[in-house]
1. Just for region 117-146: of the residues that are part of a loop (DSSP other than H, G, I, E, B) and of a type in the set (Gly, Ala, Ser), which one is nearest to the chain's Cα centre (by Cα)?
2. Quick one: which residue in Ser181, Ser243 is under 20 Å from Ala95 (Cα atoms) and either among the hydroxyl-bearing types (Ser, Thr, Tyr) or in contact with a helix residue (DSSP H, G or I) (Cβ under 7 Å, 6 or more places away or on another chain) (or both)?
3. Consider Ile134 against the criteria (1) touching a residue at least 60 places away in the same chain (Cβ under 8 Å); (2) not assigned by the TED database to the domain that holds Asn53: it satisfies all of them except one. Which criterion is unmet?
4. Assess whether Pro120 counts as being more than 30 Å from Ser228 (Cα to Cα), open to solvent by 10 Å² or more (accessible area, probe 1.4 Å), in contact with a Pro (Cβ under 8 Å, 6 or more places away or on another chain) and at pLDDT below 95.
5. For the structure I just gave you, tell me whether Lys211 is crowded, with 19+ Cβ neighbours inside 10 Å, among the charged types (D, E, K, R) and over 23 Å from the mean Cα position of the chain (by Cα).
6. Residue check: is Ser170 over 14 Å from the mean Cα position of the chain (by Cα) and either open to solvent by less than 10 Å² (accessible area, probe 1.4 Å) or not hydrophobic (A, V, I, L, M, F, W, C) (or both)?
7. Being open to solvent by less than 80 Å² (accessible area, probe 1.4 Å) and farther than 19 Å from Trp193 by Cβ is the filter here, so list the residues in region 95-115 that pass it.
Amino acid sequence: MVATISVITNCAGASAARWSDGHATYYGANLSPATLGGACGYDDTVHAGFGVNTAAVSGVLFRGGQACGACYQVMCDMRTDPKWCVRGGVVTVTATNYCPPNNMGGWCDAPRRHLDMSAPAFFKVAKPGNEGIIPILYRRIGCERRGGVRFTLKGQSSFNMVMISNVGGSGDVRAAWIKVSRRTGWVPMHRNWGANWQTSIELRRRNLSFKVALADGKMMEFRNVVPSTWSFGQTYSSSAQFS
């Protein structure tokens, strides 16, 4: 596998972002955060490379799935709620799910900026015993991942879908392409839902290469990262990563 990275054309969204006001709640304490991939399609967030510090984000942030894989640095707003904030507590979470609105003034209704965090992440910035909601300051930051970008083959013989995970850099994939031979060149894929990208070309018994573009403008090619012996349900990890 050979990977190449293009020149950065736009750094918006991942570095030196300003702090914004918002609120946070947390998933039920009895739920495993590893299983809460939800609307992004990560069946297991640990397997996807994101660990347990995850969050479902409101629609203003989710943007129809474009936020999947993005990283946010979060702290409790001590000035607003000194009683329940952990002094100096800061946590980085990955957006792996969607917090749907109830259209009745709920915290995830537009235009509110809300993070419904896993319990392990929430209690790094909030003290136990509070009412389950805190004011926060948050900002987009770059994602630091271990290992390379991962590609999981999903679907069936007539339906091909690829989940892209463990993405560094800005973390949020803006566009993806696939190549099965020199003759086809790079074929654009389209977002089916969340982190899952779809193509209609025949993939069986072919070596697969991918090109991925992030929201921050970085682009990388992952050549022959999937061997021709691949099968549905398998995940293939590249040796290259966005910085």
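The values are calculated or read from the model by the stated rules, or taken from the named source; none is laboratory data. Quick caveat: nothing in here was measured; it's all calculated off a predicted structure. Virtual Cβ from ideal backbone geometry, glycine too; neighbours counted across all protein chains shown. Just so you know, the surface numbers come from the protein's heavy atoms only, side chains and all, with ligands and any DNA or RNA stripped out. Shrake-Rupley method; radii C 1.70, N 1.55, O 1.52, S 1.80 Å.
1. Only one residue fits best here, namely Gly142.
2. Just one listed residue meets the conditions, Ser243.
3. (2)
4. Yes; evaluated as a whole, the condition is true for this residue.
5. When the stated conditions are applied, Lys211 does not pass them.
6. Working: over 14 Å from the mean Cα position of the chain (by Cα): no; either open to solvent by less than 10 Å² (accessible area, probe 1.4 Å) or not hydrophobic (A, V, I, L, M, F, W, C) (or both): yes.
No.
7. Passing the criteria: Gly105, Gly106, Asp109, His114, Leu115.
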